[in-house]
Amino acid sequence: MKWYSLRNADILSSNEIIMEAEVRPDSPWFSGHFPGEPILPGIAQLEMALDAIKRLNQKNLRISAVKRVRFKQVIRPDDKLRITVAPHKKDALSYPFRIIVNGGLVSSGILMVEELDE
C-alpha cells in the first residue's frame, strides 16, 4: 500500500503529467515530523515527483541529482496535492516539478533521473 492516495493522473499532449494526490494521516512520514504538528518532509515530496516521472516514462528510474529545490510551505495530513512534472526541453533526463496545495506553490525544483538496471 502506497503512503499516499493517487486520486487522478493525466498525461497531457505536451508530455506533462499532472497528478492529484493526498497523503493519508496514517502515513509513516507524519510519525517523525513532528509529534503534535505533522508535516510532510521534503524527501517525501521528492519521492512523489519521482513517482510522477516514472508514471510519465513507464520506466524504473531513480534520482541522480536535485537542482534548485525550494520548499515554500508545509504539507499537512489530508492536504490535496497537485503535482506537475514535464521533461526539460533541452535535457531528456531533467524534470522540473511543482507541488501545489490550495492554489499555492509548496515546493518546486528539478530532478535529474537515471534508469535502473533490472
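The values are calculated or read from the model by the stated rules, or taken from the named source; none is laboratory data. Please read all numbers here as calculations on a predicted model, not as lab measurements. A quick note on method: Cβ atoms are made from the backbone with ideal geometry, for glycine too, and the neighbour counts reach across all protein chains shown.
Filter the range 73-118 down to the residues that are over 16 Å from the mean Cα position of the chain (by Cα) and among the acidic types (Asp, Glu) and list them by number.
91, 114, 115, 117, 118
Select, from 81, 56, the only residue that is of a type outside the set (Gly, Ala, Ser), closer than 23 Å to residue 14 by Cβ and at pLDDT below 95.
None of the other options fit; the residue is 56.
For the range 108-117, does any single residue satisfy the condition of being hydrophobic (A, V, I, L, M, F, W, C), in contact (Cβ under 8 Å) with a residue 24 or more places away in the chain, within 23 Å of residue 11 (Cβ to Cβ) and in contact with a Pro (Cβ under 7 Å, 6 or more places away or on another chain)?
yes
I'd like to check which strands (runs of 3 or more DSSP E) are fully inside the range 1-84 and have at least 3 residues that are touching a residue at least 60 places away in the same chain (Cβ under 8 Å).
Fully inside the range 1-84 and qualifying: 17-23.
Answer yes or no: is there a residue in the range 59-66 that is modelled with pLDDT of 95 or more, touching a strand residue (DSSP E or B) at 6+ places or on another chain (Cβ under 8 Å), crowded, with 18+ Cβ neighbours inside 10 Å and of a type in the set (A, V, I, L, M).
Within the range 59-66 (the criterion being modelled with pLDDT of 95 or more, touching a strand residue (DSSP E or B) at 6+ places or on another chain (Cβ under 8 Å), crowded, with 18+ Cβ neighbours inside 10 Å and of a type in the set (A, V, I, L, M)), the answer is no, since none of the residues qualifies.
So, in the range 26-53, exactly how many residues are over 17 Å from the mean Cα position of the chain (by Cα) and at pLDDT 90 or above?
Adding up the residues that qualify gives 1.
From 39, 43, grab the single residue that is surrounded by fewer than 19 Cβ atoms within 10 Å (Cβ to Cβ) and closer than 15 Å to residue 78 by Cα.
39
In the range 73-97, which residues are farther than 27 Å from residue 35 by Cα and in contact with a strand residue (DSSP E or B) (Cβ under 7 Å, 6 or more places away or on another chain)?
Matches in the range 73-97: 84, 85, 86, 87, 88, 93, 94, 95, 96, 97.
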